[in-house]
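Everything on this sheet refers to the single structure shown next.
The values are calculated or read from the model by the stated rules, or taken from the named source; none is laboratory data. Every value quoted in this text rests on a predicted model; they were computed, and no experiment measured them. A quick note on method: Cβ atoms are made from the backbone with ideal geometry, for glycine too, and the neighbour counts reach across all protein chains shown.
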């Protein structure tokens, strides 16, 4: 199932969330299982499956990171369970962050905020380049690198929540 096609929106790492919400409502009005209670079992099952796909697509498009991941998978830029080598300088920064966290050093909150801001700026730059050159493979590779760096940082942040 291609959620971009389902929602009739352009294939892009960033989606118009307002348009997605409008499409979601329209799609659910047309396909929600509650509207198929008097139909055949086949039609009920089809409505249920379609409604589930609509919900899944909507959930993906509501989260920037999930949208980027889905976009990269659709473009066959990333694969499930891919072991992507991150740059050594990034890994060193993450190691320092992990050490600060382990030592209960108060500087890690500032480091995390700094990394998150850096990554937000990086994403903005990549998306601007994508808008200008959507078929440029270097832009897609930069988006892939961003995705894996963000995923790595997210694992560290999840560890903090435990």
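Numbers at a glance
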quantity: Verdict on residue 16 being modelled with pLDDT under 90 and out of contact with any helix residue (DSSP H, G or I) (no Cβ under 8 Å at 6 or more places or on another chain); calculated: no
quantity: Failed condition for residue 44, given (1) closer than 16 Å to residue 4 by Cβ; (2) in a helix (DSSP H, G or I); calculated: (1)
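Conditions (1) outside the structural domain of residue 16 (by TED's automatic domain parsing); (2) at negative phi; (3) not in a helix (DSSP H, G or I), marked per residue:
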| residue | (1), (2), (3) |
| --- | --- |
| 57 | no, yes, no |
| 61 | no, yes, no |
| 69 | no, yes, no |
| 80 | yes, yes, yes |
| 93 | yes, yes, no |
| 97 | yes, yes, no |
| 109 | yes, yes, no |
